[in-house]
Amino acid sequence: MVKNSKKPKTQKGGVWQKLLDALYTDLGDIVSNEKLIKVSGQHNYARRVRELRAEGWDIVYSPSPTGYVLRSTDKTTKNADVYINLKLRQKVL
């Protein structure tokens, strides 16, 4: 897949940026869970990937083989109806 000349940037930086960089390196291909654990240094990397998705990145889960795919470097606008922060959801319910 053709990459943009500019690497995607997340507003959060840190571990989120490391994960986004790893996904960008294999843009359009599955990045294994093991690689994401190694890159992030965390076992709760899946939560960070979900947070990136909530930020507007087009990241999907692949069950076989297990991993994640960054489908595009274009960030979409967040849709408040689709994602509600867990803490906010707990307060409301």
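The values are calculated or read from the model by the stated rules, or taken from the named source; none is laboratory data. These numbers were taken from a predicted model, which means no experiment stands behind them. For neighbour counting, all protein chains shown are included, and Cβ atoms are generated from backbone atoms with ideal geometry for every residue, glycine included. To get the accessible areas, we keep the full protein, side chains included, count just its heavy atoms, and leave off ligands, DNA and RNA. Shrake-Rupley method; radii C 1.70, N 1.55, O 1.52, S 1.80 Å.
Odds and ends about this structure:
- Counting the residues of the stretch 28-72 that are assigned to a helix (DSSP H, G or I) and either open to solvent by less than 30 Å² (accessible area, probe 1.4 Å) or basic (Lys, Arg) (or both) gives 15.
- For the condition in contact with a strand residue (DSSP E or B) (Cβ under 8 Å, 6 or more places away or on another chain) and over 16 Å from THR76 (Cα atoms), ALA22 qualifies.
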